[in-house]
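As structure tokens, the structure follows; a few thoughts come after it.
Derivation of every value follows stated rules applied to the coordinates shown; laboratory data play no part. The structure presented is a predicted model; accordingly, all values stated were derived computationally and were not measured. Every residue, glycine among them, receives a Cβ derived from its backbone with ideal geometry; neighbour counts consider all protein chains shown.
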Amino acid sequence: MKVLDLGCSKGHVFEGWFGSETDYQQQRDTGRLTCPVCGDAGVEKRLSAPRLNLGATQPRTAAPDTTVPQRPPAEVASAGLPAELQAVWWQAMRTISARTEDVGDRFAEEARRIHRGDTPARDIRGRATLEQAQDLLEEGVELLPLPDLDLFKTTLQ
């Protein structure tokens with residue numbers, strides 16, 4: 001298995017797993033390799049350091065932290081490193097996906113029902129047209145446009 005650090009022409013950085021260098025080349029040349037953030041097909045390998053397994057490591061005993069920070073850690077914000085900020089953003093999107101109910105195309109209808117008190121309040125996500133979103137905002141319904149969160153449910157490989 002070959003793990004490569006990749007980047008698109010718009011500056012997004014991500015990791016790709018390939019069976020071989022030939023597999024990477026074929027996926028890139030046929031347009032199957034695209035940026036998971038923006039869909040750009042201008043993907044190229046980036047400089048990366050190899051990881052060598054030279055011995056046993058300590059087993060992980062603590063569960064991973066799934067809380068979303070209110071803002072990026074100070075060292076990330078001050079460093080201004082796009083890859084680290086991108087990692088914080090990806091984790092936030094995964095957490096939002098895990099903590100909200102997907103109501104699909106019924107988003108506008110369900111948001112109105114919650115806003116009016118016709119149904120219990122809960123965090124929802126779904127799809128709405130620009131016109132539906134504008135109507136909701138005019139009615140006083142709070143909403144936040146997000147990318148397609150299904151992309152963030154699994155690790156990128």
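Based on the Cβ-Cβ distance from SER9 to VAL88, what FRET efficiency comes out when R0 is 25 Å, to the nearest 0.05?
Details: r = 22 Å, r/R0 = 0.90.
Given R0 = 25 Å and the Cβ-Cβ separation, E is 0.65.
What does the convex hull of the Cα atoms of the range 74-150 come to per residue, in Å³, rounded to a whole number? Don't skip to the end; give the middle numbers.
Working: hull volume 9.4 nm³, N = 77.
It is 122 Å³ per residue.
If each residue of separation counts as 0.36 nm, what is the full-extension length gain between LEU130 and SER20 once their alpha-carbon separation is subtracted? Write out the running numbers ahead of the final one.
Details: separation 110, 0.36 × 110 = 39.60 nm, distance 4.29 nm.
Length difference between fully extended and current span is 35.3 nm.
Please get the size of the charge dipole for the range 2-45, origin at its Cα centre, with Cβ charges of +1 on Lys and Arg and -1 on Asp and Glu, quoted in debye to the nearest 20.
80 debye
Just the Cα atoms of the range 2-45, one point each, no solvent: what log10 I(q)/I(0) does Debye give at q = 0.14, 0.23, 0.28, 0.33 Å⁻¹?
-0.26, -0.70, -1.01, -1.29
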